[in-house]
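Taking it in order: structure first as structure tokens, then the write-up.
The values are calculated or read from the model by the stated rules, or taken from the named source; none is laboratory data. Quantities reported herein were computed from a predicted structural model and do not represent experimental measurements. Please note: Cβ atoms are built from the backbone with ideal geometry, for glycine as well, and neighbour counts cover all protein chains shown.
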Amino acid sequence: MKTSPALTTKAIRPAFVSNKRKKELRTSPPSLAHPDRLEISSATPVQPKFSRAVQKPEQPSLGHLVKAGLSLAAAGAGVLTGGISATSALADTPVKETLLETAVVTEIPVSATDPSITQARGPHYAVTDNSVPQNGYLLLSLGGTNSLPKDFLEFDKTAARQGFVSLALDYPNTVITTSCKHSTQPDACTLFREEINSGAQVSDLVEVDHLNSIEYRLEAALRYQALQQPEHFAQFVNEDGPVWNKIVVVGHSQGSGHAGYLAKKHPMQGVILLAGPQDTTDAGPASWLSAPSATDPKKYLAFLHKNDFFGSELQLNAVRTLRENPNESGFLVDFESPDSPIVVSEAQVRDGHMSVITPQFTEIWEGLLQRSIVP
């Protein structure tokens, strides 16, 4: 009989699940294979209760004027800014002006970090920006179901402009978190998170060994990149593995749950949860959400959209549990960044779930990134 894992850095005793059984659970019903953005619940959404952020009128600063001027100059020169694959989530309103590109993006073949690792969705990406001083922190980004590491590039470029060294990690993400609702295993979401993060063979829903786990992929990528770009990456890995207290982890959708789970196990500098976690089933919230945390609960930050089809109220409750503050409110905004650890947008967008990872919300990203490294 399988039991829920304790959240420690020690490996969990593997529990045997036949490959045939895992295949059946992963492929039936067919809807389980859908990416996060396509699985739209037919249930009537719960109307969440949020506080409205106080919006203070601002005079344009010199920085804003310079930023706008650079953007207009770029437009006049015919320079097009890149976007991530979730373009359908963009609002009909114009995307806010951004600075000219200064980030350096490096593609990292997954097999180069260790030939034993299998590429799941696409190469890793490292993002740096030599035009600004480094702030001493690594941003680790984890995408949602069926996403590619490059889908996080706009967020990672924003972080690089703030002095972060960024790493978008490839990992096995083709099984959607809501598959847990159909599993017969008790506490299925916790087992799902544990196997993908550590490679312990505990979940009926996925087949991930240690070499292909998030933890090992991260360590291998850091060791490899520390040789390629020592001036940027050497500080984030040592003989024991990743230097966790110098890492901020951000995850979108399925990735938000993995980010939170990693932070439960390791003392990280900060956690940014985008559009998640989705770790509540008919049996209630997953046990890992309320387990003791190696990371300060106040360091769990979140950005949600009120009209997320997964249910922003359930997401908010999960974030409250992680922050150990059951009565905490999210602050409602459109595109602006309030001084709050939990931000909930009610901006008119085409896809609330995917919108939070698009650059129309750069100002909110910047606020959360800054907050993540405040002592």
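Among residues of the range 235-251 that are within 23 Å of Leu153 (Cα to Cα) and modelled with pLDDT of 95 or more, none has a Cβ under 8 angstrom from a residue that is surrounded by fewer than 21 Cβ atoms within 10 Å (Cβ to Cβ) and of a type in the set (Ser, Thr, Tyr) at a sequence gap of 6+ or on a separate chain. Among Ala283, Ala347, Ala291, Ala318, which is the only one that is under 18 Å from Thr177 (Cα atoms), surrounded by 17 or more Cβ atoms within 10 Å (Cβ to Cβ) and of a type in the set (Gly, Ala, Ser)? Exactly one of Ala283, Ala347, Ala291, Ala318 is under 18 Å from Thr177 (Cα atoms), surrounded by 17 or more Cβ atoms within 10 Å (Cβ to Cβ) and of a type in the set (Gly, Ala, Ser), namely Ala318.
Residue-level check: of (1) in contact with a strand residue (DSSP E or B) (Cβ under 7 Å, 6 or more places away or on another chain); (2) surrounded by fewer than 24 Cβ atoms within 10 Å (Cβ to Cβ); (3) not in a helix (DSSP H, G or I), Ala200 misses just (1). Filtering the range 312-358 down to residues that are acidic (Asp, Glu) and under 24 Å from Pro292 (Cα atoms), which residue is modelled with the lowest pLDDT? For the range 312-358, the residue satisfying everything is Glu328.
As for the range 161-179, it holds no residue that is closer than 15 Å to Gly270 by Cβ and assigned to a helix (DSSP H, G or I).
Only residues that are within 16 Å of Phe310 (Cβ to Cβ) and in contact with an Asp or Glu (Cβ under 9 Å, 6 or more places away or on another chain) were counted in the range 180-194, giving 4.
Annotation note: of Ala263, Ala275, Ala234, the sole residue that is touching a Ser or Thr at 6+ places or on another chain (Cβ under 6 Å) and on the phi < 0 side of the Ramachandran plot is Ala263.
Checking each residue in the range 182-196 for being in a helix (DSSP H, G or I) and at pLDDT 95 or above picks out Ala188, Cys189, Thr190, Leu191, Phe192, Arg193, Glu194, Glu195, Ile196.
Checking the range 205-221 against the condition returns no match, with no residue being in contact with a strand residue (DSSP E or B) (Cβ under 7 Å, 6 or more places away or on another chain), surrounded by fewer than 19 Cβ atoms within 10 Å (Cβ to Cβ), over 29 Å from Asp187 (Cα atoms) and at pLDDT 95 or above. Identify the residue in the range 173-197 that is under 21 Å from the mean Cα position of the chain (by Cα) and of a type in the set (Ser, Thr, Tyr) and, among all such residues, is surrounded by the fewest Cβ atoms within 10 Å (Cβ to Cβ). By that ranking, first place goes to Thr174. Failed condition for Thr280, given (1) over 26 Å from Phe310 (Cα atoms); (2) in contact (Cβ under 8 Å) with a residue 12 or more places away in the chain, with all others met? The failed condition is (1).
When restricted to residues that are among the hydroxyl-bearing types (Ser, Thr, Tyr) and assigned to a strand (DSSP E or B), the range 121-139 contains 2. Within the set Thr362, Thr321, the sole residue that is under 20 Å from Thr190 (Cα atoms), in contact (Cβ under 8 Å) with a residue 24 or more places away in the chain, of a type in the set (Val, Ile, Thr) and touching a Ser or Thr at 6+ places or on another chain (Cβ under 7 Å) turns out to be Thr321.
So, Leu218, is that one part of a helix (DSSP H, G or I) and touching a Ser or Thr at 6+ places or on another chain (Cβ under 9 Å) or not? Answer is no for this residue. Of the strands (runs of 3 or more DSSP E) lying entirely inside the range 248-333, those containing at least 1 residues that are farther than 27 Å from Val349 by Cα span 270-274.
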